[in-house]
Amino acid sequence: MDATFKSLEHRGWRERAKIYDQYSARFCCYGITPLLNAAGISEGQAVLDVCCGTGKATAAAAERGATVTGIDFSEEMIAVATAKGVSADFRTGDAESLPFGSALFDRVINNFGLLHLSEPERAVAEAARVLRPGGRFAFSVWCGPEVSPLFRIFPEAIGTHGTLDVGLPPAPPMFRFADETESIKVMHRAGFVDVAFGSVDATLEFVLDDLADFFRHAFVRLTLVLDRQTPEARVRIERYLTDQFAPFSDEGMVRMPLPALVVSGTRSAA
């Protein structure tokens, strides 16, 4: 059976479960507080954390006094989250086909998960389905290359010193939901009203000398592309990246702005 975008993402995050907190969580964690605030999470609510990973946003919602369920497609991620002893119910499941009845939750959150889904609009519709009328859904997404240095530099590096055409299966546009018009359209179609946007001032931070190791372990899509370059191209790409990241470094530590958006909306009573 040929690999699909969904199967490659699934495999990639399964492989990273035990090291997720050491790598990806270091920048994804910036979205948690803005996400919870946009959803209006507070004591006594029933909250669903979709694409919960190792449970960092789940734990933050539980600390606010909510009753939280975390769900992720990776059994390995759920195992890591469960082992932390967070006061939450963790289970494996598909964001595009949630294993819950309708109108069960007061709030649904998704921290940087939509870009890892093959049909993210289905996940938005599923969030609406499991929410009670008047409940709120919030998700976070990365901004695109027009404002994000990271997502400008990498395509330049690979396109100039290697190839972006590496035979991977088709993938949804990574920055689709950073377009406010597109987010509003998808949210309205799913039954959400009062759609609002907020900014996330995240920072990408890593040791410049560890560049190759950091990006291999922190990202799935990027690793898939880099692994399909020739050894000679890999050397050229890494040299170019080191040069491009150097202006953002101080004493060998890179600190690069990584802007993101939080999108939220209220489940219509209709």
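Values computed for the structure shown
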read-out	value
Members of segment 76-116 found to be aliphatic (A, V, I, L, M), outside any loop (DSSP other than H, G, I, E, B) and buried (at least 18 other Cβ atoms within 10 Å of the Cβ), listed by number	77, 78, 80, 81, 108, 109, 114, 115
Options 234, 216: the member that is in a helix (DSSP H, G or I), touching a Ser or Thr at 6+ places or on another chain (Cβ under 7 Å) and charged (D, E, K, R)	216
Criterion: out of contact with any strand residue (DSSP E or B) (no Cβ under 6 Å at 6 or more places or on another chain), surrounded by fewer than 16 Cβ atoms within 10 Å (Cβ to Cβ) and assigned to a loop (DSSP other than H, G, I, E, B) - qualifying residue of 181, 163	163
Selection status of residue 152, free of Cβ contacts under 8 Å to residues at least 40 places away in the same chain, in a helix (DSSP H, G or I) and within 22 Å of residue 262 (Cα to Cα)	yes
Every residue from segment 227-247 that is closer than 18 Å to residue 149 by Cβ and of a type in the set (A, V, I, L, M, F, W, C)	237, 241, 245, 246
Index of the failed condition, residue 269 passing every other in (1) under 30 Å from residue 41 (Cβ atoms); (2) surrounded by 13 or more Cβ atoms within 10 Å (Cβ to Cβ)	(2)
Criterion: outside any helix (DSSP H, G or I), in contact with a strand residue (DSSP E or B) (Cβ under 7 Å, 6 or more places away or on another chain) and buried (at least 24 other Cβ atoms within 10 Å of the Cβ) - qualifying residue of 35, 48	48
Residue check for residue 43: surrounded by fewer than 16 Cβ atoms within 10 Å (Cβ to Cβ) and touching a Gly at 6+ places or on another chain (Cβ under 6 Å)	yes
Residue identified as of a type outside the set (Ser, Thr, Tyr) and within 18 Å of the chain's Cα centre (by Cα) among 177, 248, 192, 206	177
Residue check for residue 42: out of contact with any helix residue (DSSP H, G or I) (no Cβ under 7 Å at 6 or more places or on another chain) and either part of a loop (DSSP other than H, G, I, E, B) or closer than 12 Å to residue 107 by Cα (or both)	yes
Failed item, numbered, when residue 240 is tested on (1) in contact (Cβ under 8 Å) with a residue 24 or more places away in the chain; (2) within 23 Å of residue 8 (Cα to Cα)	(2)
Residue identified as modelled with pLDDT of 95 or more, buried (at least 18 other Cβ atoms within 10 Å of the Cβ) and touching a Leu at 6+ places or on another chain (Cβ under 7 Å) among 190, 157	157
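To keep it simple, each residue is scored yes or no on (1) at pLDDT 95 or above; (2) assigned to a helix (DSSP H, G or I); (3) surrounded by 15 or more Cβ atoms within 10 Å (Cβ to Cβ).
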{"position": "118", "(1), (2), (3)": "yes, no, yes"}
{"position": "138", "(1), (2), (3)": "yes, no, yes"}
{"position": "170", "(1), (2), (3)": "no, no, no"}
{"position": "185", "(1), (2), (3)": "yes, yes, no"}
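The values are calculated or read from the model by the stated rules, or taken from the named source; none is laboratory data. Here the structure is a predicted model, which is why all the values come from computation and not from measurement. All Cβ positions, even for glycine, are placed from backbone atoms using ideal geometry, and neighbour counts span all protein chains on display.
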